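Written below as structure tokens is the structure these notes are about.
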Amino acid sequence: MKSLAQGCERAGWDFVVAGDSKSPADFQIDGCRFLSLEDQRQSGHRLGQVCPERSYTRKNLGYLAAMAGGARVIVETDDDNHPRDDFWLPRSLEAAGREVVADGWVNVFRYFTDAFIYPRGIPLPHARDTPPEPGEMVARDCPVQQGLADNNPDVDAVYRMLFPLPFDFDAAAGPVILGGDAWCPFNSQNTTFFAPALPLLYLPAHCSFRMTDIWRSFVAQRVLKEMGHGIRFHAATVWHERNEHDLHRDFMEEVPGYSNNEKIRLALKDLRFPAGATMRRMLESCYETLIRGGWVGAGEEALLAAWCDDLEAIGVTGA
């Protein structure tokens, strides 16, 4: 986190850290704007009053603080990622990549290595699928861009228990853009959201901790497909020194994904939005679908409403 703070100071970025009940009361790093639980409650955001404690979704309050401060591009990461020099390079909404057009799951990791590896959240029956050959390099508006992580990539507990780590991707591999009806999970480790997609940062609280960013990625992909956008994946710009985890606990937290990710993809794919639907309405429809399917708890509706109200209050509606 110190290296992130120092890099943000050099790059002129605002560095926001959302705390939780376990955060040290005296947390302080030069160049870091730390939001304690009390700061979040007193922020004026409705979500600050209702977001659960001891929850990864406290990051939602960090996103809101950044947007309220004028941010129209948000780069998110976690406290156990170390940035490389290219992490700080300028980022743009329009970006190049080899376009991948497919129908169904695509193991994007395989475009960045010849070795066997797959991203957390891809259904296990598709972990060994050979991805389609990417097309020519194209330039597209990509409101969400996912960077990979070296050393300890974001793989699931099954992979961690059965295959060796550390693992580094091919730094020379070019980026890809998923088009058509291609789907791949993306995480919250090294991800850039541009203005048209800022409302899609929302992390659901009433689901497994190991699925919150994965299921968020499915919702985001469904909405972006409606808008005619794909997801861009690029080579690693961070290396991950993973905090201590209980792999069996991680596995149990990932069981809802192993059981339901394909069902969720199909349910979202079949979802039809009314003509001219706002991004808020599309988000609400997606989460209504997840709640109806029993994948996300009914309490999510109130949290999402608070998030959307807070966005409207600070003038962020997406495109």
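The values are calculated or read from the model by the stated rules, or taken from the named source; none is laboratory data. From a predicted model like this one, the values you see are computed outputs, not experimental measurements. So basically every Cβ, Gly included, is an ideal-geometry build from the backbone, and we count neighbours across all protein chains shown.
Please determine whether any residue of region 224-235 is at pLDDT 95 or above, under 28 Å from Glu53 (Cβ atoms) and buried (at least 22 other Cβ atoms within 10 Å of the Cβ). Scanning region 224-235, I find no residue that is at pLDDT 95 or above, under 28 Å from Glu53 (Cβ atoms) and buried (at least 22 other Cβ atoms within 10 Å of the Cβ), so the answer is no. For region 267-282, the set of residues classified as more than 18 Å from Phe186 (Cα to Cα), in a helix (DSSP H, G or I) and basic (Lys, Arg) consists of Arg280, Arg281, listed by residue number. Scanning region 107-131 for residues that are surrounded by fewer than 19 Cβ atoms within 10 Å (Cβ to Cβ) and among the aromatic types (Phe, Trp, Tyr) yields a single hit, Phe116.
Does Ala95 fit the bill of being among the small types (Gly, Ala, Ser), within 25 Å of Trp239 (Cα to Cα) and buried (at least 17 other Cβ atoms within 10 Å of the Cβ)? It is true that Ala95 is among the small types (Gly, Ala, Ser), within 25 Å of Trp239 (Cα to Cα) and buried (at least 17 other Cβ atoms within 10 Å of the Cβ). How do the pairs read when you match residues in region 31-56 that are in contact (Cβ under 8 Å) with a residue 60 or more places away in the chain with residues anywhere that are surrounded by 17 or more Cβ atoms within 10 Å (Cβ to Cβ) and of a type in the set (D, E, K, R), using Cβ under 6 Å and keeping only pairs 6 or more apart or on different chains? Pairs found: His45/Asp310; Arg46/Asp310; Leu47/Asp310. If the condition is being assigned to a helix (DSSP H, G or I) and in contact with a Leu (Cβ under 9 Å, 6 or more places away or on another chain), then region 237-266 contributes Tyr258, Ile264.
Among the numbered criteria (1) touching a helix residue (DSSP H, G or I) at 6+ places or on another chain (Cβ under 7 Å); (2) under 24 Å from Asp309 (Cβ atoms); (3) surrounded by fewer than 16 Cβ atoms within 10 Å (Cβ to Cβ), which one does Glu288 miss? The single condition Glu288 does not satisfy is (1). Just for region 47-73: of the residues that are surrounded by 20 or more Cβ atoms within 10 Å (Cβ to Cβ) and of a type in the set (A, V, I, L, M, F, W, C), which one is farthest from Asn151 (Cα to Cα)? My answer is Leu47. Condition first: more than 30 Å from Ala171 (Cβ to Cβ), surrounded by 14 or more Cβ atoms within 10 Å (Cβ to Cβ) and out of contact with any strand residue (DSSP E or B) (no Cβ under 6 Å at 6 or more places or on another chain). Can you find one or more residues in region 236-250 that meet it? No, because not a single residue in region 236-250 is more than 30 Å from Ala171 (Cβ to Cβ), surrounded by 14 or more Cβ atoms within 10 Å (Cβ to Cβ) and out of contact with any strand residue (DSSP E or B) (no Cβ under 6 Å at 6 or more places or on another chain). Taken over region 283-294, the residue count meeting the criterion of being touching a residue at least 12 places away in the same chain (Cβ under 8 Å) and either touching a Lys or Arg at 6+ places or on another chain (Cβ under 8 Å) or on the phi > 0 side of the Ramachandran plot (or both) is 2. Applying the condition of being among the aliphatic types (A, V, I, L, M) and without any contact (Cβ under 8 Å) to a residue 12 or more places away in the chain to region 256-276 and asking which residue is nearest to Thr77 (Cα to Cα) yields Leu266. Taken as a whole, the condition of being in contact with a Lys or Arg (Cβ under 8 Å, 6 or more places away or on another chain) and more than 26 Å from His126 (Cα to Cα) applies to Phe273.
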